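Please read the structure below before turning to the comments.
The values are calculated or read from the model by the stated rules, or taken from the named source; none is laboratory data. This is a predicted model, so every value here is computed, not measured. Reconstructed Cβ throughout: ideal geometry from the backbone, glycine too, with neighbour counts over all protein chains shown.
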Amino acid sequence: MSQRSSDVERPHSGAESSSPESPSFTPRWTWPLRLLLAAYWIALFLATHLRVPRIIQDEVSAFDKGIHGAAYFVLAELLVLSNGWPYRLPARRLMLLTVVVVGYAALDEWLQTFVGRFGDVRDWVSDSIGGICALLIAWALQGAFIRRDKGE
């Protein structure tokens, strides 16, 4: 299945190619996803750095690690999708995104200690597992999408 020219943003300079294998290939939906990623990342930062009322803490404590994992799963998926997935996620970029997600999770937990919250290694592990799971799923699926588009 080939891409229609209306589904691809053309580069402003250099060789123009609508082939997914081309380094200049950018799906039309990449920029809206990047805006969504920025909004989500800001919301995640605010949610993890504002004081949470005790009653809410008591209600979500049983699900705390799952919430952490899910939040970073979504963050990692948005990072993947805003980077042109499934066509532009080579192993090097996947490793870079892994470092970004795991590194930001550690930074997030550490920064919480400055705003009256507690940084927790178990929360960091949950964040990291959620993000890494999302990245592994994207990596596993990209081969299927590329093979499908090549007609194999």
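In the stretch 72-85, of all residues being among the small types (Gly, Ala, Ser) and surrounded by fewer than 21 Cβ atoms within 10 Å (Cβ to Cβ), the one that is modelled with the highest pLDDT corresponds to 82. Among all residues of the stretch 116-137, there is at least one that is more than 19 Å from residue 52 (Cβ to Cβ), among the hydroxyl-bearing types (Ser, Thr, Tyr) and under 20 Å from the mean Cα position of the chain (by Cα).
Scanning for something exposed (fewer than 13 other Cβ atoms within 10 Å of the Cβ), on the phi > 0 side of the Ramachandran plot and not in a helix (DSSP H, G or I), does the stretch 103-118 turn up at least one residue? The answer is yes, given that some residue of the stretch 103-118 is exposed (fewer than 13 other Cβ atoms within 10 Å of the Cβ), on the phi > 0 side of the Ramachandran plot and not in a helix (DSSP H, G or I).
Among the conditions (1) of a type in the set (D, E, K, R); (2) more than 16 Å from residue 68 (Cβ to Cβ); (3) in contact with an Asp or Glu (Cβ under 8 Å, 6 or more places away or on another chain), residue 149 misses just one, which is (3).
Within the stretch 86-94, one or more residues are among the small types (Gly, Ala, Ser), part of a helix (DSSP H, G or I) and either surrounded by 14 or more Cβ atoms within 10 Å (Cβ to Cβ) or out of contact with any Gly (no Cβ under 7 Å at 6 or more places or on another chain) (or both). The condition of being at pLDDT below 90, assigned to a helix (DSSP H, G or I) and within 21 Å of the chain's Cα centre (by Cα) does not hold for residue 41. The conditions of being assigned to a helix (DSSP H, G or I), touching a residue at least 40 places away in the same chain (Cβ under 8 Å) and more than 20 Å from the chain's Cα centre (by Cα) are not met by residue 57. In summary, residue 125 fulfils each of the numbered conditions (1) more than 22 Å from residue 82 (Cβ to Cβ); (2) of a type in the set (A, V, I, L, M, F, W, C); (3) part of a helix (DSSP H, G or I); (4) in contact with a helix residue (DSSP H, G or I) (Cβ under 8 Å, 6 or more places away or on another chain) with the single exception of condition (4). Quick one: is residue 122 closer than 27 Å to residue 145 by Cβ, loosely packed, with under 15 Cβ neighbours inside 10 Å and of a type in the set (D, E, K, R)? The answer is no for residue 122. What do you reckon, is residue 64 out of contact with any helix residue (DSSP H, G or I) (no Cβ under 6 Å at 6 or more places or on another chain), buried (at least 16 other Cβ atoms within 10 Å of the Cβ) and among the acidic types (Asp, Glu)? Taking the combined requirement at face value, the residue does not satisfy it.
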